1. Pairing the Cα long axis of helix 3-18 with the longest principal axis of the chain, what angle in degrees results, from 0 to 90 and rounded to the nearest 10?
2. What is the magnitude of the charge dipole of the stretch 3-139 about its Cα centre, with +1 placed on the Cβ of each Lys and Arg, -1 on the Cβ of each Asp and Glu, and no other charges, expressed in debye to the nearest 20?
3. Positive end of the dipole of the chain, charges at C-beta (+1 Lys, Arg; -1 Asp, Glu), about the Cα centre: which of HIS63, VAL120, GLY5 has its Cα farthest in that direction?
4. Got a sec? Charge dipole of the stretch 3-139, +1 on Cβ for Lys and Arg, -1 for Asp and Glu; which of SER89, THR74, MET39 is way out at the positive end?
5. Measure up LYS28/LYS114; LYS4/LYS110; LYS7/LYS138 against 28 Å on the Cα-Cα distance and list the ones that go over.
6. Angle, helix 58-74 long axis vs. longest principal axis of the chain, Cα atoms, 0 to 90°, nearest 10?
7. What is the distance in Å between the Cα centroid of the stretch 1-71 and that of the stretch 81-142?
8. What percent do you get for the relative contact order of the stretch 52-142 when only Cα pairs under 8 Å and 6+ apart count?
Amino acid sequence: MGTKGIKIAELFTKTIAATKGFDQNLRKLKVTSCGNGSMVTEFQVGPEHLNQRGTLHGGFIAHLVDAISTYALTTNENVDTRGVSIDLSLSFYSAAKEGDNIEVEAKTRKTGKKIAFLEVEVRNKDKNQVLASGRHTKYIGI
């Protein structure tokens with residue numbers, strides 16, 4: 001991790017630990033790498049992450065795509081904003097259960113003067129299986 005990556009990883013950890021809002025569901029996430037437009041986190045699925053069928057909630061996966069890609073964006077040296085979401089899309093491929101170890105990898109694909117394009121993969125780390133992929137477009141011309 002470069003200097004900016006370390007600062008962003010620390011900011012993410014500190015912000016999530018202190019929040020009383022919706023982001024508190026991200027508290028189990030551990031940043032494993034961060035910098036140069038990307039961020040990788042991992043966590044173990046707990047009961048707070050499950051839907052009524054006992055699998056990782058699709059809405060929580062959307063939250064992961066939104067949050068982790070936003071922090072990945074801020075690790076770009078030429079970006080000084082979290083931006084504003086324009087579009088967020090997801091594709092679901094497989095399910096995860098309580099106790100599964102999950103890895104979330106977000107990458108900045110392109111940044112322009114006003115728009116940034118990000119991609120995310122959510123994987124079952126133990127099975128090396130992609131659970132979902134997401135694309136996130138953000139307005140950064142603020």
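The values are calculated or read from the model by the stated rules, or taken from the named source; none is laboratory data. It should be emphasised that the depicted structure is a prediction, and the values quoted were computed from it without experimental measurement. Positions of Cβ are generated from backbone atoms using ideal geometry, with glycine treated the same way; all protein chains shown enter the neighbour counts. Heavy atoms of the whole protein, side chains included, go into the accessibility calculation; ligands, DNA and RNA do not. Shrake-Rupley method; radii C 1.70, N 1.55, O 1.52, S 1.80 Å.
1. Between the helix axis and the principal axis of the chain, the angle is about 50 degrees.
2. 280
3. Highest projection toward the positive end goes to GLY5.
4. Among SER89, THR74, MET39, the one farthest towards the positive end of the dipole of the stretch 3-139 is THR74.
5. LYS28/LYS114
6. Result, in degrees: 30.
7. So the separation of the two Cα centres works out to 11 Å.
8. 34
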